[in-house]
1. Can we say residue 204 is surrounded by 15 or more Cβ atoms within 10 Å (Cβ to Cβ) and closer than 24 Å to residue 151 by Cα?
2. Restrict the check to segment 117-138 and report whether at least one residue is in a loop (DSSP other than H, G, I, E, B), in contact with a helix residue (DSSP H, G or I) (Cβ under 9 Å, 6 or more places away or on another chain) and more than 19 Å from residue 63 (Cβ to Cβ).
3. Being more than 17 Å from the chain's Cα centre (by Cα) and modelled with pLDDT of 95 or more narrows it down to one of 263, 247, 215, so name that one.
4. Cβ-Cβ distance below 7 Å, separation of 6 or more or different chains: which pairs start in segment 56-72 with a residue that is on the phi < 0 side of the Ramachandran plot and touching a residue at least 40 places away in the same chain (Cβ under 8 Å) and end on one that is surrounded by 11 or more Cβ atoms within 10 Å (Cβ to Cβ) and in a helix (DSSP H, G or I)?
5. Within the bounds of segment 144-158, is there any residue that is in contact (Cβ under 8 Å) with a residue 12 or more places away in the chain, at positive phi, outside any strand (DSSP E or B) and surrounded by fewer than 24 Cβ atoms within 10 Å (Cβ to Cβ)?
6. Can you find a residue that is under 21 Å from residue 211 (Cβ atoms) and without any contact (Cβ under 8 Å) to a residue 60 or more places away in the chain anywhere in segment 163-183?
7. Spot the failing condition for residue 247; the list is (1) farther than 17 Å from residue 103 by Cβ; (2) buried (at least 19 other Cβ atoms within 10 Å of the Cβ), and only one is missed.
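The values are calculated or read from the model by the stated rules, or taken from the named source; none is laboratory data. This one's a predicted model, so the numbers in the text were calculated from it and none came from an experiment. Cβ: placed from backbone, ideal geometry, glycine included. Neighbour counts: every protein chain shown.
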């Protein structure tokens, strides 16, 4: 009987190793594609879907305010009995000295005022209209991200003047995501109108100056007489009734702040 002699096939181990390496590379490629799709979906949700949600909710809030104002007037008996001016009553957080404004950082939150004086922090009380940009956005007290800015609102810096008042009515708003109401304020030019409505009262400001870039700690831009502490050539030197719009710059970053100033039309 002939003995069975095993046959050794050269290269079979090498092919197995190659097949194993190919499997690993394929799995890594699939994982990379999956992660990329997830990241893309997150970006779409953050940039597109949150914008749609915030814009829709903000416009509903504007309609609700306008509907409420249509049913009531500043001379309504309820307000007369309360003895409060409707514009002054809308100003929450006026417990800080107006000479010491907060940081321009959206994470700052305003101190609470007595309930009888003002609405809740996340409740819109005014409407800002910018005809040049086709923008209509509700205004609420405070600049907290979750409670105000992420809703697509413009937020009033605590301690700043109310609409139409002497001093500086200073607002912050997102430039990207969450409704991005202030995305195009860099397009504003001297002479453009900024209209603020509060319960039957209308205040028209006229854009005067623009500061293209400053730091988030440049609180001088929202002072009662606004002037940059970082770039002192930008701002005002005389008391008056001002409006300030602030947002992040460049787009999709929060490194610096873009500032637009206007004065109340007499």
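1. On the way: surrounded by 15 or more Cβ atoms within 10 Å (Cβ to Cβ): yes; closer than 24 Å to residue 151 by Cα: no.
So residue 204 fails the test.
2. yes
3. Details: 247 fails: more than 17 Å from the chain's Cα centre (by Cα); 215 fails: more than 17 Å from the chain's Cα centre (by Cα).
When all the criteria are applied, what remains is 263.
4. Matching pairs, first to second residue: 57/151; 58/151.
5. Going through segment 144-158, the residues in contact (Cβ under 8 Å) with a residue 12 or more places away in the chain turn out to be 144-145, 147-158.
Going one step further and asking which of them are at positive phi, we end up with 152.
Remaining after also requiring outside any strand (DSSP E or B): 152.
Among the residues that remain, those that are also surrounded by fewer than 24 Cβ atoms within 10 Å (Cβ to Cβ) are: none.
No, because not a single residue in segment 144-158 is in contact (Cβ under 8 Å) with a residue 12 or more places away in the chain, at positive phi, outside any strand (DSSP E or B) and surrounded by fewer than 24 Cβ atoms within 10 Å (Cβ to Cβ).
6. Within segment 163-183, the subset under 21 Å from residue 211 (Cβ atoms) is 167-176, 180-183.
Those still in the list that are without any contact (Cβ under 8 Å) to a residue 60 or more places away in the chain too: none.
Taking every residue of segment 163-183 in turn, none turns out to be under 21 Å from residue 211 (Cβ atoms) and without any contact (Cβ under 8 Å) to a residue 60 or more places away in the chain.
7. With respect to (1) farther than 17 Å from residue 103 by Cβ; (2) buried (at least 19 other Cβ atoms within 10 Å of the Cβ), residue 247 is out only on (1).
One line per residue, one yes/no per condition, for (1) touching a helix residue (DSSP H, G or I) at 6+ places or on another chain (Cβ under 7 Å); (2) more than 22 Å from residue 177 (Cβ to Cβ):
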| residue | (1), (2) |
| --- | --- |
| 192 | yes, yes |
| 198 | yes, yes |
| 204 | no, yes |
| 208 | no, yes |
| 215 | no, no |
| 222 | no, yes |
| 234 | no, yes |
| 240 | no, yes |
| 243 | no, yes |
